[in-house]
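The values are calculated or read from the model by the stated rules, or taken from the named source; none is laboratory data. Values in this document were obtained by computation on a predicted structure and should not be read as measured data. Here the Cβ is made from the backbone with ideal geometry for all residues, glycine too, and neighbour counts use every protein chain on show.
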């Protein structure tokens, strides 16, 4: 099979499209981010966040840690990743 | 003698010193400070995590028998304060909430109007609402009607350590309000706390002055003693002040007369 410059071009376009399909854009802590499609649990794990003190607000609803695997993130979702800190 | 306890939101406090978790040089000062001060209620704040760093496990430093008082700092409107309060409760911090709505970043003056709006909403949702306000008697009455569990007037700007500069106005609140008055912000030294308690304040909230001391545990104890002294003096009912001297010893029967 011969790789002409044109076929390489189309392969690149094809793979890029697949990556585009797998990625979604959501808002995390006020900033838009491209993330892999998946659950809250997946995102937390990909970002290597410390889970024990993490509070997740998903589209204005608190999602408890045991339900993180149940929520699949969708394009345009708004996520707040929060924690308690020192304050007066 | 009956124990002098302060009741707020169905909870009884033996200590009238409330504390905060901000500004400690190291978090492990917090449990030591709580031991020294015997404070039974402490504030925490809610923030976005630092995605690059680790999450702060502030709650790990607070013993379970200490009541958490999450604040709504960072909120600029009533709606934002309500949102923070709901998150804090859902996250397991209990029913207590200190409403703090601030837009003025130089003096950190609370927005009394937005604070009242937030109090009205949250009290209906069974929160124990402690609004942080400028001492305004008319507003305090409205807060009471709205269901505030206590009123928290500021002594002077947050973190300023300037003491009770709003003394006369706080005095009015203490006289008229039916709910407890907790003097919050600006209390810089134990004598300020004692002064508030002598005036008849039900409690004080101190963060900066304790947290930024070289030894927060010992400063916590110093504040605890000052609060107790001020409270005892208030209950004992102090004598009258006068412009001229009133001799403490009899003016008759001098040896030389």
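Report whether or not residue B:43 is farther than 17 Å from residue B:152 by Cα and buried (at least 18 other Cβ atoms within 10 Å of the Cβ). Break it down stepwise before answering.
Details: farther than 17 Å from residue B:152 by Cα: no; buried (at least 18 other Cβ atoms within 10 Å of the Cβ): yes.
Here the answer is no, as residue B:43 does not meet what is asked.
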Exercise for the section: Please state which of the following conditions residue B:71 fails to meet, knowing it meets all the rest: (1) more than 15 Å from residue B:146 (Cβ to Cβ); (2) touching a strand residue (DSSP E or B) at 6+ places or on another chain (Cβ under 6 Å); (3) away from every other protein chain (no Cβ under 14 Å). Expected result: (3)
Fill in the blank from the handout: Filtering the stretch B:158-172 down to residues that are within 18 Å of residue B:111 (Cα to Cα) and under 15 Å from the mean Cα position of the chain (by Cα) yields B:158, B:159, B:166, B:170
Completion exercise
The number of residues in the stretch A:60-76 that are more than 27 Å from residue B:81 (Cα to Cα) and outside any loop (DSSP other than H, G, I, E, B) is 1
Practice task
Looking for whichever is touching a strand residue (DSSP E or B) at 6+ places or on another chain (Cβ under 8 Å) and under 30 Å from residue B:149 (Cβ atoms) here; the options are B:211, B:222. Which one fits?
Solution key: B:211
Problem - Filter result (crowded, with 21+ Cβ neighbours inside 10 Å and without any contact (Cβ under 8 Å) to a residue 12 or more places away in the chain) within the stretch B:1-27 - result: none
Completion exercise
The residue that is surrounded by the fewest Cβ atoms within 10 Å (Cβ to Cβ), considering only those in the stretch B:219-257 that are touching a residue at least 40 places away in the same chain (Cβ under 8 Å) and touching a helix residue (DSSP H, G or I) at 6+ places or on another chain (Cβ under 6 Å), is B:221
Exercise for the section: Confirm whether residue B:171 is farther than 18 Å from residue B:100 by Cβ, touching a helix residue (DSSP H, G or I) at 6+ places or on another chain (Cβ under 9 Å) and assigned to a helix (DSSP H, G or I). Expected result: yes
Handout entry: Near pairs, Cβ below 6 angstrom, 6+ apart or cross-chain, from the stretch B:95-118 (touching a residue at least 40 places away in the same chain (Cβ under 8 Å)) to any residue that is in a helix (DSSP H, G or I)
Key = B:118/B:78; B:118/B:81; B:118/B:82
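Assess whether residue A:49 counts as being at pLDDT below 90, within 12 Å of another protein chain (Cβ to nearest Cβ) and surrounded by 17 or more Cβ atoms within 10 Å (Cβ to Cβ).
On the way: at pLDDT below 90: yes; within 12 Å of another protein chain (Cβ to nearest Cβ): yes; surrounded by 17 or more Cβ atoms within 10 Å (Cβ to Cβ): yes.
Yes.
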Fill in the blank from the handout: Filtering the stretch B:1-19 down to residues that are within 14 Å of another protein chain (Cβ to nearest Cβ) and either in contact with a helix residue (DSSP H, G or I) (Cβ under 7 Å, 6 or more places away or on another chain) or farther than 18 Å from residue B:185 by Cα (or both) yields B:17, B:19
Practice task
Please list, ordered by first then second residue, the pairs with beta carbon atoms under 7 Å, 6 or more apart or interchain, first in the stretch B:132-160 and under 12 Å from residue B:120 (Cα atoms), second in a loop (DSSP other than H, G, I, E, B) and modelled with pLDDT of 95 or more.
Solution key: B:144/B:177; B:144/B:178; B:144/B:179; B:148/B:179; B:149/B:179
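For the condition buried (at least 24 other Cβ atoms within 10 Å of the Cβ), facing another protein chain (nearest Cβ under 9 Å) and farther than 26 Å from residue B:134 by Cβ, what is the one hit in B:49, B:30?
Details: B:49 fails: buried (at least 24 other Cβ atoms within 10 Å of the Cβ).
Among B:49, B:30, only B:30 is buried (at least 24 other Cβ atoms within 10 Å of the Cβ), facing another protein chain (nearest Cβ under 9 Å) and farther than 26 Å from residue B:134 by Cβ.
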Problem - Residue satisfying condition, being touching a strand residue (DSSP E or B) at 6+ places or on another chain (Cβ under 9 Å), surrounded by 18 or more Cβ atoms within 10 Å (Cβ to Cβ), within 10 Å of chain A (Cβ to nearest Cβ) and farther than 23 Å from residue B:182 by Cβ, within set B:56, B:90 - result: B:56
